[in-house]
Amino acid sequence: MISLFASCHWNIKKSIKILIHFRNPLKVKMAAIDRIIAERLRQLRKSYGWSLSEAERMTGVSKSMLGQIERGESSPTLATIEKISVGFKLTLKDFLNLQ
């Protein structure tokens, strides 16, 4: 009986989390955007042959912040994204790889 209750409780909690997740499509979109930025930053940094320290020097964004962005642990502001793109000598459009 206890395991049935625990199972029902877990399913209710999971259902609520799923409902909240899908009721907030902006949160879903922002997570996708953060992932794209993280992948693009890592891709560019590797293609330039830059360490995080070199990227810090070129962009003016701390290496701890750059690492957090690459790992998806931080959502960069537009100002931070702009600083990063300028450091890579790219327009914001090119940094985000927009067509």
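Consider region 76-86 and keep the residues that are over 11 Å from Leu41 (Cα atoms) and in a helix (DSSP H, G or I). The one that is modelled with the lowest pLDDT is Leu78. For residues that are within 20 Å of Ser53 (Cβ to Cβ) and out of contact with any Pro (no Cβ under 6 Å at 6 or more places or on another chain), tally how many sit in region 64-80. Total meeting the criteria: 11. Of the residues examined, Glu73 is not one that is within 18 Å of Asn97 (Cβ to Cβ), modelled with pLDDT of 75 or more and not β-branched (Val, Ile, Thr).
Among the residues of region 80-98, the one identified as under 15 Å from the mean Cα position of the chain (by Cα) and hydroxyl-bearing (Ser, Thr, Tyr) is Thr80.
Considered as a group, the residues in region 59-74 that are assigned to a helix (DSSP H, G or I) and among the polar types (S, T, N, Q) include one that is farthest from Leu92 (Cα to Cα), and that residue is Ser64. Of a type in the set (A, V, I, L, M), within 13 Å of Leu96 (Cα to Cα) and in a helix (DSSP H, G or I): is that true of Leu41 in this structure? For Leu41, the condition - of a type in the set (A, V, I, L, M), within 13 Å of Leu96 (Cα to Cα) and in a helix (DSSP H, G or I) - is met.
How about region 47-58: which of its residues are open to solvent by 50 Å² or more (accessible area, probe 1.4 Å) and aromatic (Phe, Trp, Tyr)? Passing the criteria: only Tyr48. Of all residues in region 59-99, those being small (Gly, Ala, Ser) and open to solvent by less than 20 Å² (accessible area, probe 1.4 Å) number 3.
The values are calculated or read from the model by the stated rules, or taken from the named source; none is laboratory data. Remember, predicted model here, so these are calculated numbers, not experimental data. Cβ sites come from the backbone with ideal geometry, for glycine too, and all protein chains shown count toward neighbours. Note: areas computed on protein heavy atoms with side chains; ligands, DNA, RNA excluded. Shrake-Rupley method; radii C 1.70, N 1.55, O 1.52, S 1.80 Å.
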